[in-house]
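To start, the structure under review is shown below, and the notes come after it.
Just so you know, all these numbers are worked out from the coordinates, no wet-lab data involved. Since the structure is predicted, the reported quantities are computational estimates derived from the model, not experimental observations. Cβ atoms come from the backbone with ideal geometry, glycine included; neighbour counts cover every protein chain shown.
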Amino acid sequence: MSPSAEPSGTPTDVPPARWAAIESDLAGRGVTAPPELVTAERVTFSDGSLGCPQPGQSYTQALVDGMRVIVTADGKHYDYRFGRGDTPTLCVTP
């Protein structure tokens, strides 16, 4: 999984609830190493796909204020997206 170049945003800190959600998601994927922060930025996504559309899905067509957090663990990069809530979406390039 490699982080995509878009979208770009303003650097920010990751709130504890969102960091815990990332740790939980990684654990659920069998990742044993603790994640290390690469970048975190506030982003306004162009739609509900959070900049990571998946084939065959439809998304809300409205601007979404959110966050992009890239971490590394077990030698891999993970590109997480958040909308208004604390539930992460792992952006995986199909």
Next item on the list: Give the calculated FRET efficiency between THR93 and SER58 to the nearest 0.05, with a Förster radius of 22 Å applied to their Cβ-Cβ distance.
Entry: 0.70
Notebook entry, point to check: Based on DSSP H runs of at least 4 residues, each adding -39500 (n - 2.57), what is the mean residue ellipticity at 222 nm of the chain after dividing by all its residues, to the nearest 500 deg cm²/dmol?
Noted result: -4500 deg cm²/dmol
Checklist line | the range 46-94 shape via C-alpha gyration tensor axes, a/c threshold 1.5 | finding: oblate
